[in-house]
Amino acid sequence: MRSVVARHGHLEMSTEAVRQDLLCIADCRSLTALRDTLFRRVDALLGVDAMGLYMLDRTDDLRYVSSRGAPQGFLDDYEREYRRVDTLLDCILSQHRTVDGFRFHGPARWRHCDNYDLLRAWGFHHNMGGALVVNGRTAGALYVATAHDVDPFDEVRVQRFDLMCRAGSLALTAMHERELLMCEVSNVVAADSRDAWSNGRDLPGTAGAPDGGDAIHRLPARSREVALLLCQGQPNKVIAARLGISVYTVKEHVQILCRRFGALNRTELVHHLLKSS
């Protein structure tokens, strides 16, 4: 068997080069940028031949997003026959860790498992997967595979892949928190403005303006959308589907709104919202 390092001499990267690649992944601020950066960096970091990105959808089901180097037939077969019974994927998502198929199944069972059968049918040999995690919850998963009859993944590549998944998780966490952070900043600015007005300090465009009456319409755009749907009696899943965000994000918006309006719970929040609208 040929050595992966012999095929990919550039795997012998300096620590600084690895660090720079990981920072590029962690700095991504859109899912498209994250996908493209992962696909660009994966060969240098791991020397693999295929990579797939999966993300949770609005119903918390893991869905295929994009791939590099994987034939469509391979992806279709995996989705149709293997994904929902993939014990390797279950381990990745439940334990939030990087797992390679050979070690997970063990040398004796590896050549007799579903993962191996699918990989070999499409010209692949070894695979490895890792979880993308946001605030302690699964947000997605990465899969990589080699297309040559090479040795199983060594510790260096397992560790690098784990770091890639952690860097990707940092990027997703920043994307997730950025919108909420903007809401928090807007709320603080609004609170400061109200304090300034109540203390008799006129601010541009606020002199003589009363506080109240249209509080919902003065909310940041996404908070306002959530607030309006709350007032319509919509549950979190419906709000998430309408706005194209996760149920978890909706819950955080509700928490922010409760703090803003001094509400103890969702029912009290709606009462405050309706009263101030």
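Return the total of residues in the stretch 75-114 being touching a residue at least 40 places away in the same chain (Cβ under 8 Å) and touching a strand residue (DSSP E or B) at 6+ places or on another chain (Cβ under 8 Å). Matching residues across the stretch 75-114 total 8. Of the conditions (1) in a helix (DSSP H, G or I); (2) surrounded by fewer than 18 Cβ atoms within 10 Å (Cβ to Cβ), S169 fails just one. Which one is it? With (1) in a helix (DSSP H, G or I); (2) surrounded by fewer than 18 Cβ atoms within 10 Å (Cβ to Cβ) applied to S169, the lone miss is (2). So for the stretch 233-245 (the condition being buried (at least 18 other Cβ atoms within 10 Å of the Cβ), modelled with pLDDT under 85 and not assigned by TED's automatic domain parsing to the domain that holds L34), does at least one residue qualify? Among the residues of the stretch 233-245, at least one is buried (at least 18 other Cβ atoms within 10 Å of the Cβ), modelled with pLDDT under 85 and not assigned by TED's automatic domain parsing to the domain that holds L34, which makes the answer yes. For the stretch 48-99, a residue qualifies if it is charged (D, E, K, R) and closer than 26 Å to N135 by Cβ, and the qualifying residues are D57, R58, D60, D61, R63, R83, R84, D86, D90, R97.
Residues that are within 16 Å of E225 (Cβ to Cβ) and in contact with a Leu (Cβ under 9 Å, 6 or more places away or on another chain) within the stretch 244-260 comprise S246, T249, V250, E252, H253, V254, I256, L257, R260, listed in sequence order.
The values are calculated or read from the model by the stated rules, or taken from the named source; none is laboratory data. Computed from a predicted structure; not experimentally measured. As a convention, Cβ positions derive from the backbone with ideal geometry for all residues, glycine included, and neighbour counts pool all protein chains shown.
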